[in-house]
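The values are calculated or read from the model by the stated rules, or taken from the named source; none is laboratory data. Since we're looking at a predicted model, the values are computed, not measured. Ideal geometry is used to build each Cβ from the backbone, glycine not excepted, and the neighbour counts take in all protein chains shown. All accessible areas refer to the heavy atoms of the entire protein, side chains included, with ligands and DNA or RNA removed. Shrake-Rupley method; radii C 1.70, N 1.55, O 1.52, S 1.80 Å.
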Amino acid sequence: NETDENIELRVGISPVSTEGALNNLITETKGKSFDEIKQESQENWNIVLSKIKVKSKDESKLRSFYSALYHSYLQPNNYSDVDGKYRGMDKKIYQTKNFTNYTVFSLWDTYRTWHPLMTILEPELCNNFVNVFLDMYDKGGLLPVWELAANETFCMSGYHSVSVIADAYAKGINDFDQEKALEAMINSAMQNKFGLSAYRKYGHITGDKEHESISKTLEYAYDDWCIAQMAKDMGKEDIYKEFIKRAQFYKNIFDPSTGFMRPKLNGSWLTPFDPTRVDWHFTEANSWHYSFYVPHDVSGFIKLHGGKDKLESKIDEMFTTKDKISGRDMKDITGLIGQYAQGNEPSHHIAYLYNYVESPWKTQQRVRQIMDNLYSDKPDGRAGNEDCGQMSAWLVMSAMGFYPVTPGSTDYIIGTPWFDETTISLNNGNVFTVTARNVSAKNFYIQSAKLNGKDYNKSYIKHEDIINGGNLEFIMGDKPNKSWGIGDGNYPISEITDELIVISPVFSSNDSRFIDEITVEISTLTNNAEVYYTVDGSTPDNNSIKYSAPIKIDRTTEINAVAYHKDYGYSYAVTANYYKLDFNKSINILSKN
């Protein structure tokens, strides 16, 4: 244009119709100039970003934090028209009644930190999300896995809307049909796809039954714990018992000889095994990244490792190892400290696990290292991609000084506050303030703490303590206080004590072929358990052949084995097939050409 005149263009969008788009445009912008709409938008953003006010002399940290808080509010997105019409999962048009419809639920990412953050900042919105999930269940037959524009993409693993519902419910955000919610949660867990049928049949997913077997087993087990907790609170004892058993299926893929979650093939551990290798047994990860994913039963996980000291050493090794990532080139695995990968979600809780083994000072050191080195106010100031707010939500939570290791629990695990003062204005009118005296780049170790003026020695804080308002005050220093946050009652505990399962036995080799003869060993990982097996295709019990010595096989054989404990009953059965190769064969070529 020769006159360089300004042209104002207004665009309306709608998930429903062109008429809806026009109505949205008119309703939202009629009578307003561009500058007025811009000013209104800035005011609305300032209201949202003012929910958390932080104080620091370091302007780059302020920019980094508020960029993270801004990113945290970019998704999910309102997916309905101004008149309440929306497109359901069945692609039909509906009118909203008791909720506002939303889209872009990147749940594999966001259930970990983003959704728990919203239980603090936006509880009413969290309640709305659950009602959206239940509407998707009504119209699509399934709670969302990774929903986009009223379509289920089935991208990523797990059924983590279960976690979002259970976390909201545990925190008193429950203005939804709770019976239907539990029904929908169970429906997700009883599907026969993505390895779930094998998961239920074998007590874990084997690598020869489904890809990403380790990741799926671990994520399903956590989700099942969420179902168990909600069922228990609702008085559904039978459902609780079923799912608290399933929540322990992680035990069937833990290899105590290596300290890793290890894939299984033909009833045996995958051999050779390299924990740095990114391959089809994991979701965007390797065994290092997933081997610490038991947020719902850290006490049971500690026992598998042989004690707190051994688990602590394993976490140390993850951060300090010089071993490099191997296997597939996975661009999501970035922001490395040793094998720890801040740039992808499976690692996000690991630094906080030190609190559970009574070394919270190590959590403080690693969390500060991650915040300082892997977040900035630069254009590339995030390790990895944003993942619909999860990457930024990690910083928002961690900078406030606490983190939700186990959504579905009301505990937040204390790390180290990033700012001199953080003030959270809650929707109920209360204010919660975190004060960090003497905090600096060097003074990131907690020396002592007070909650509402009283000495506070716990390395975790309850959701209700935050929602009720008050002040959490820390005195910071440059050396760790190794006596703070330890001792009975002072460190966080997540544990399963009911319906304990017997760990499935393991065969000695996943090499299923032999020429003359093969010797097979079967071991049990549950103390004082016995192994029984059959070779006739039947399911063994304690009346079957008792395993007492290695088994020699000289013909094609299927072996079924169980572990049995007099107090806990039977493990899930494990099957191994061994095939004798016959080289005494000849080929007769009948073709004349």
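Within the range 100-112, residues that are farther than 13 Å from Glu152 by Cβ have Cβ atoms under 6 Å from residues that are open to solvent by less than 10 Å² (accessible area, probe 1.4 Å) and of a type in the set (Ser, Thr, Tyr) in these pairs: Asn101/Tyr86; Tyr111/Ser163, counting only partners at least 6 apart in sequence or on another chain. Taken over the range 428-447, the criterion of being open to solvent by 50 Å² or more (accessible area, probe 1.4 Å) and either in contact with a strand residue (DSSP E or B) (Cβ under 6 Å, 6 or more places away or on another chain) or in a strand (DSSP E or B) (or both) is satisfied by Val431, Arg437, Asn438, Gln447. Being among the aromatic types (Phe, Trp, Tyr) and modelled with pLDDT of 95 or more, is that true of even one residue in the range 16-36? No, the range 16-36 contains no residue that is among the aromatic types (Phe, Trp, Tyr) and modelled with pLDDT of 95 or more. Across the range 316-353, the number of residues qualifying as surrounded by 20 or more Cβ atoms within 10 Å (Cβ to Cβ) and assigned to a helix (DSSP H, G or I) comes to 8.
For beta carbons closer than 6 Å, sequence separation of 6+ or different chains, a first residue in the range 224-244 that is in contact (Cβ under 8 Å) with a residue 40 or more places away in the chain and a second that is polar (S, T, N, Q), the qualifying pairs are Cys226/Ser163. Got at least one residue in the range 524-546 being of a type in the set (Phe, Trp, Tyr) and under 30 Å from Ser359 (Cα atoms)? Checked against the condition, which is being of a type in the set (Phe, Trp, Tyr) and under 30 Å from Ser359 (Cα atoms), the range 524-546 yields no hits at all.
Scanning the range 1-31 for residues that are polar (S, T, N, Q) and over 19 Å from Asn78 (Cα atoms) yields a count of 3.
Taken over the range 345-366, the criterion of being farther than 16 Å from Asn481 by Cβ and touching a Ser or Thr at 6+ places or on another chain (Cβ under 7 Å) is satisfied by His348, Ala351, Tyr352.
Let's see how each residue does on (1) of a type in the set (Asp, Glu); (2) part of a helix (DSSP H, G or I); (3) within 22 Å of Ser197 (Cβ to Cβ); (4) open to solvent by 30 Å² or more (accessible area, probe 1.4 Å):
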position	(1), (2), (3), (4)
Tyr222	no, yes, yes, no
Ala228	no, yes, yes, no
Lys232	no, yes, no, yes
Asp238	yes, yes, yes, yes
Ile244	no, yes, yes, no
Asn252	no, yes, yes, no
Ser257	no, no, no, yes
Pro272	no, no, no, yes
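Of everything in the range 471-491 that is touching a residue at least 40 places away in the same chain (Cβ under 8 Å) and in contact with a Gly (Cβ under 9 Å, 6 or more places away or on another chain), the residue that is surrounded by the fewest Cβ atoms within 10 Å (Cβ to Cβ) is Tyr491.
Candidates in the range 43-87 are the residues that are outside any strand (DSSP E or B) and in contact with an Asp or Glu (Cβ under 7 Å, 6 or more places away or on another chain); of these, the one that is surrounded by the fewest Cβ atoms within 10 Å (Cβ to Cβ) is Ser60.
Give Lys201, Lys193, Lys216, Lys209 a once-over and let me know the one that is part of a helix (DSSP H, G or I), open to solvent by 40 Å² or more (accessible area, probe 1.4 Å), among the basic types (Lys, Arg) and out of contact with any strand residue (DSSP E or B) (no Cβ under 9 Å at 6 or more places or on another chain).
None of the other options fit; the residue is Lys201.
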